[in-house]
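Novice: Please read through the structure below; I'll follow up with questions.
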Amino acid sequence: MENNRLRRVLFALIVIAAIACIGFGGYRVWESFTEFDENIMREKDEQFYSLIRSDDINISNSLEAFTRESESFFVRQRLSQLRKEWADSKNHNTADLNEYFRNSPLMSNPVCADILMLHNDKVVASAAGHDSVEFLTETDADSLRLCTDGTGQYFLGYEAKATNNVTYEALVDLRALYINTLGQNTIRDLILLDSSSSVIIYKYGTEVRMTAADADADKNTVTCRDYLIDCEQSQRMEGTSIELKDNAGESKTARMVVIPSGSTVNREFAIGLTADYEEAIGPSRNAAEKMLIYGGVAVLGVLMLIFTLLFQRRANTMTATELRILKRKNAEMEELNQNMQALAHHQRLETIGTMTASIAHDFNNLLTPIMGYSMMTMEMIPDDMEDIQENLMEIYNASVKAKDLVTRLADMSKKGREEEFTDLSPDEIIRNSLKVTRPAKPKNVEVRGNLHAGRARMKGDSTQITQLVTNLVLNAYDAMRERGGTLFVSAGVEDGRIVMRFRDTGTGMDAETMARIFDPFYTTKESGKGTGLGLAIVAQIAETHGGKVYVDSTPGEGTEFRVTFPISEQTEVVDKTKTIKINAEEFRNMLRNEEQELKKG
């Protein structure tokens, strides 16, 4: 009787404790989910800020290029001569000035809207026919100011002063600036607000619109515009969740982050980005919910086990059951942990894919005119100017390699295409790479080498293998930049494979750093001095060529990278005694001769 009463009391206490645990656990789960959402949004905001900063740099580069071209054009002797002829003529005929403006190379700039000459702030000559403009702001430190032609078109005017109350204005078409620097990107919605909070430029569907900041607009635009203006006027760089309407009129939550003009590189525009809230946080939240559900199942299983331990009569059976259940639950938790890691890795790859696609698009837009104008200029130069032609060919070849590198950067997060490889000489690849990287070699660093691959060949892409060697050499230079040291470079055949070695006497790495050096965007360098892509590209190129990368490092003593590749089937089998070798002394002589040739050039 007494035992039954004690058992009931014990059972009641267990029930009360279980209810208390459930209540406390539920409250803590709610708090944890709230904190989880906040942490995820902070992480997503940082990703959005990275995208905005990339667009900010594009705008800045476009404006800087425009102002440089304008400054160069406005000091031309021919323009001064035409202005003087206009001033000396009785009727102030501007036909020659208008024609000169229309045919100027500045008008071919994709963001240039017009070139004006003003006398006493009145337009007297125009390339595109603007007979009057109204300036809304004063010129800033970059000689830029906002203006309008009265038809709803807004421009940034670059001002250059002449003599006798004459000024020149080169007008930037703000809509063209948006399209050429940001593109009609469907991945995200961007809004530009000028620093005086007078004009906004934004995407509406597939159309790019430009309106006064106080003009009537749809509710979504007004909501985003008001928040952008508020952040610009208070110079706050932050993000917030806002309520918008979708195409069906249903409410949806969006995330908007803003960088005010005072914090941008271009200094002319504040930039706002909006993204779907659920798309940003949904995958991570779903993963957390699954983890909670599966964790609850595991906890429930543990509670069932405890109940079994308390009320089962056979101790041996209870012990065996407990062990089986615990093993099964442990396996489930391990599987859940692996799934979470796989999901996190997938999300990182998606983020890298989005960023690299945008970067590749923007860089290709910059490289295409470089390649085109270099080829056009070579065709215009006489045959006897061989030095200039060779310089232009170097520019074109470097642009081709850069374009190829950008393409490979975009392909990092997806399966690469099958490529046609050629037979390459490891010795020749290393020699050429050392020539390319010589300007970057610190004075306190010595390069030593022993290239004895001889006639051994490897199948590969010359540009990629050169990039691999260049990245490893530059990394070694950076590791020895402060203290100096020696870089040992070698190439040869070991165990039926081609082996390249790069050993420096730099700072070395600890085990934690070595575990992550091949992760994309991981870098130990200061901000602005490294992208974290060099070794990731090295690993990708080695894998593409059937090779492997090994690294040994000791903190304070240095690092050695070994890269192995299969030998090409076309490699000739030769007598080892006849293999061409370059010993350390010949290697140093080779580098010394190349340095003297560079100084003579």
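Novice: Find, among the trypsin sites (Lys or Arg not before Pro) in segment 1-88, those assigned to loop by DSSP (not H, G, I, E, B) with at most 13 other beta-carbon atoms within 10 angstrom.
Specialist: Answer in residue order: Arg76.
Novice: Please arrange Tyr373, Tyr202 by how many other C-beta atoms lie within 10 Å of their C-beta, fewest to most.
Specialist: Tyr373, Tyr202
Novice: Based on other C-beta atoms within 10 Å, arrange Ile395, Ile200, Ile293, Ile59 from fewest to most.
Specialist: Listed from fewest to most nearby Cβ atoms, that is Ile293, Ile395, Ile59, Ile200.
Novice: So, with +1 on the Cβ of K and R and -1 on the Cβ of D and E, and no other charges, what is the size of the charge dipole of segment 186-241 about its Cα centre, to the nearest 20 debye?
Specialist: 180 debye
Novice: Turning to a different aspect of this structure: Once you order the gyration tensor axes a ≥ b ≥ c over the Cα atoms, which shape class does segment 468-527 get: rounded for a/c under 1.5, otherwise prolate or oblate by comparing a/b with b/c?
Specialist: Oblate shape, in that a/c is at least 1.5 and b/c is the bigger or equal ratio.
Novice: So for each of 169-177, 452-460, 19-27 I average, over its residues, the number of other beta carbons within 10 Å; can you give me the resulting order with the highest mean first?
Specialist: Most protected by this proxy first, the peptides run 169-177, 452-460, 19-27.
Novice: Which GluC sites (Glu not before Pro) does segment 424-498 hold that lie in a coil by DSSP with at most 13 other beta carbons within 10 Å?
Specialist: Glu482
Novice: Show me the GluC sites (Glu not before Pro) within segment 98-166 that DSSP assigns to loop and that have at most 16 other Cβ atoms within 10 Å of their Cβ.
Specialist: Glu138
Novice: Hey, another quick one. Which ordering of Ser70, Ser241 is given by a fewest-first count of other beta-carbon atoms within 10 Å?
Specialist: By the 10 Å Cβ count, ascending: Ser241, Ser70.
Novice: Just how large is the dipole of segment 1-281 about the Cα centre, in debye to the nearest 20, putting +1 at every Lys and Arg Cβ and -1 at every Asp and Glu Cβ?
Specialist: That gives a dipole near 540 debye.
Novice: Also, I was wondering about something else. Put a dot 7 Å past each Cα toward the Cβ at Met340 and Asp423; how far apart are the dots in nm?
Specialist: Spacing of the two 7 Å Cα→Cβ label points: 5.4 nm.
Novice: Using a simple charge model, +1 on the beta-carbon of Lys and Arg, -1 on the beta-carbon of Asp and Glu, nothing else, what dipole does segment 108-178 show about its Cα centre, in debye to the nearest 20?
Specialist: I would put it at about 100 debye.
Every read-out reported here was derived from the displayed coordinates using simple, explicitly stated rules and does not represent laboratory data. This one's a predicted model, so the numbers in the text were calculated from it and none came from an experiment. Please note: Cβ atoms are built from the backbone with ideal geometry, for glycine as well, and neighbour counts cover all protein chains shown.
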